[in-house]
1. Which of the strands (runs of 3 or more DSSP E) contained wholly in the range 339-432 include at least 3 residues that are more than 24 Å from residue 320 (Cβ to Cβ) and within 42 Å of the chain's Cα centre (by Cα)?
2. Just need a number here: residues in the range 94-144 that are part of a loop (DSSP other than H, G, I, E, B) and within 13 Å of the ligand (Cβ to nearest atom).
3. Has the range 222-236 got at least one residue that is among the aliphatic types (A, V, I, L, M), crowded, with 18+ Cβ neighbours inside 10 Å and either within 16 Å of the ligand (Cβ to nearest atom) or over 18 Å from residue 180 (Cα atoms) (or both)?
4. Run residue 20 past the list (1) at pLDDT below 95; (2) touching a Ser or Thr at 6+ places or on another chain (Cβ under 9 Å); (3) not aliphatic (A, V, I, L, M) and report the number of the one that doesn't hold.
5. With at negative phi, assigned to a loop (DSSP other than H, G, I, E, B) and of a type in the set (Gly, Ala, Ser) as the only criterion, which of 10, 3 stands out?
6. Has the range 148-156 got at least one residue that is part of a helix (DSSP H, G or I), at pLDDT below 95 and on the phi < 0 side of the Ramachandran plot?
7. Tell me which of these residue 360 doesn't satisfy, since it passes every other one: (1) modelled with pLDDT under 95; (2) of a type in the set (A, V, I, L, M); (3) in contact with a Leu (Cβ under 6 Å, 6 or more places away or on another chain).
8. Which one is nearest to the ligand (Cβ to nearest atom) among residues in the range 276-289 that are in contact with a Leu (Cβ under 9 Å, 6 or more places away or on another chain) and part of a loop (DSSP other than H, G, I, E, B)?
Amino acid sequence: MRGRLKAPKGTHDLFPPESERFAAVEATARRVFGSYGYGEIRTPTFEATELFARSVGDTTDIVHKEMYTFSDRKNRSLTLRPENTAGVVRALVEKGLQDIPRPIRLWYTGPQFRYEQPQAGRYREFRQIGVELLGVAGAAGDAEVLVMLFAFLQALGFRGLIATLNCIPAGEARVIFSKALQDHVRPQAERIGAEDRRRLEENPLRLFDSKDPEVARVLEGGPRTLDFLDEPSRKQHDELKALLTAAGVRFAESAAIVRGLDYYTRTVFEVASDRLGAQNALLGGGRYDSLVGDLGGPPTPAVGFAIGEDRLITAMESEIRQARPVFFVVPDSHDEVAYALAVAEEIRAAAPDAVVESDLTGRGIVKGLARAAQAARDPQNYAFPAIAVNAVLLGSREREDASVTIKDLATGTQQTFARTQLAERLGAARER
Ligand code: HAM
C-alpha cells in the first residue's frame, strides 16, 4: 500500500479562518505602508544562487547551511529565496536604479525558505512582510521605517513593543572592531566549537549569531560595537535615537545584536515579543548602504526590515478581521434549490458586506441547519468572524408565495416576508 502524502517537514497549510487572518494582516500592511508612499513589489521566489552568496554573505548560517539550492535542466544553480532584500535590490538594479525617481519606497509579502530545524515559530517555509527604503542616507530614513513599522504594529493591536537598536561599525572601524573581537576570543578559542572557530577566523562578527551559550559567555566582556563607532556613525546613531524619542518610538540599545546577514552597515534593529516562545524575534532590519553597489548598481543608501508574518499572527492578541453578517440559505428539499440560489444572489446584492452560504444538498431544513448552528455556537472558528448568524429557510410555502423566512440564530426570532422586500429589510437591519 502506498503511504499517505504529507506536507514537507517545516511547512504548513493555511486553512480558513487562519488564512483570513493572514489576508487581514496583509491588507493592513497595504493600507498603512501605502499611507507612507510605499508601493508593493513582487519578486521571484527563486533567484540565481550567486545573488544570496554575494548579498547575505558566504559565511552566514543562511548561505552556509540553510539554502534550498537546486540545478535546473540547463544546470543553472538556483535557490529558493531565504529572504527578500536581495531579490528587491537585484530587481531594481536590473530595471535601472538610476532611472527610478528617489527615494524608492517598497513593501512586499510572500514565502521565504530556509532549511532550519523546525520548531514552534520556526519553519522551512515561512512568510515575511517587509519594507525597503532606498536612496535616503542617514538617520531620517531609519526613523521613517521604524515609525512606520510601529504604526503598523499599533494598527494590528500591538502595544508596549520595544525596538532593540545597535550600530555596527562601518568601513575601517569595522575592520578594527573585527580585529579586536579576534584578539579577545582567540585566547579562549578552545572553549568554543569548530563551527564558531571557523567564524572567528573568517567573519568574527558572525560569532554573535552563534546559538552556543558558551560563545555568548566568551563574548561577554569583549569589545562592544558602540565603543568602536567612527565619528559619522556615532553622529548618525545619536541622531536616530533623538528622532525616535521625538516620534515616541520606544527603543533600547544593545551592543549584542548584529543580525545574521552580512549586508548590514551601521543601524540594525530587532523587535521581540514575549508572547512567542524560544523563537521570539518578531522582526529584524537595518541599513545596508553598500549592497546596491555590491550588486552592480549605483551607490545607493538603503534601509529596511522584514517581519516574520507567521510569528506576528501567533503574537497578535486581538482579532483584526472585519466581522460580517452571515446568512445560511437552506432549501427544504431539491425542489427549492433553484429558488435558494436565486434568493442567495439577492441577499448578496442587498447586503454586499455579508457572507451568504447556500446548502446545496437539498437534505432538508434540519440537516441543512447543522452548519449554521455550528457557526452560531463558535463564530471565531467560522471562516469569517460572524455577527448576526442568520438562517434563511426556504420550503415549498416560501417558493410558492415568493417569500423568505429568516431566523436569527442568536435570538431564535424568525420572520417571514416577501422576497421583494429583501433589500429593504436587510438594509434596515444594517442601519439598526
Ligand atoms: P531576518 O532577521 O533574517 O531578516 O528575518 C526577519 C524575520 O523573519 C525574523 O525576525 C523572523 O520573525 C522571521 N523568520 C526568519 N526565519 C524564520 C523561520 N525559519 N521561520 C519563521 N520565521 C522566520 C531578513 O530576512 C532581512 N531581509 C530583513 C531586512 C529587510 N533587512 C533589511 N531589509
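The values are calculated or read from the model by the stated rules, or taken from the named source; none is laboratory data. Every value quoted in this text rests on a predicted model; they were computed, and no experiment measured them. All Cβ positions, even for glycine, are placed from backbone atoms using ideal geometry, and neighbour counts span all protein chains on display.
1. So the answer is 386-394, 403-408.
2. 9
3. no
4. Failed condition: (2).
5. It is 3.
6. No, every residue in the range 148-156 fails to be part of a helix (DSSP H, G or I), at pLDDT below 95 and on the phi < 0 side of the Ramachandran plot.
7. (3)
8. Per the stated criteria, the residue is 288.
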